[in-house]
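Taking it in order: structure first as structure tokens, then the write-up.
The values are calculated or read from the model by the stated rules, or taken from the named source; none is laboratory data. The shown structure was predicted, so the numbers you read here are calculated from the model rather than taken from an experiment. Don't worry about glycine lacking a Cβ; one is built from the backbone with ideal geometry, like all the others, and counts go over all protein chains shown.
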Amino acid sequence: MPKTTAVSWQKKSLAFGLAAAVYGVLWLIRFPCLFFTATGVPCPGCGMSRALWALLQGHIGEAVRWHPMVFSLPVIGLLIWTDGALFRRPWADRLLLIGIGVGFLACYVMRLSGVWLTRII
Ligand SMILES: [Zn+2]
């Protein structure tokens, strides 16, 4: 039997739970984005907490306004859970990751152009 390096589901569950707990505590104490605090420019993830919260409350439009890539979070979670092998074809996983990356980049560019336009005008 080949030796596998895959992480067990128990360790993944623990990691997901810890990450969710840390994220929840940071959100509850309104811990500011360090990138935004340091630079005054939003990071690619800014607004994701508010978007996720709005989505959990069923406010889809509000969630999209906060961060349109909020719907990629479950997909990213599934990709992590499956060790990057969500599909049977590796190219499909790579294509999905590239699509998510392009989506984040497009949202970030649009957000930055809005930030800079408001500073110029
Ligand atoms: Zn941020």
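Which helices (runs of 4 or more DSSP H) does segment 21-91 wholly contain that include 2 or more residues that are more than 17 Å from the chain's Cα centre (by Cα), within 15 Å of the ligand (Cβ to nearest atom) and modelled with pLDDT of 90 or more?
34-39
Go through (1) modelled with pLDDT of 90 or more; (2) within 16 Å of the ligand (Cβ to nearest atom) one by one and return the number of the condition Val115 breaks.
Unmet for Val115, out of (1) modelled with pLDDT of 90 or more; (2) within 16 Å of the ligand (Cβ to nearest atom): (1).
Would you be able to tell me the number of residues in segment 6-20 that are outside any loop (DSSP other than H, G, I, E, B) and either of a type outside the set (Lys, Arg) or modelled with pLDDT under 85 (or both)?
Result for segment 6-20: 10.
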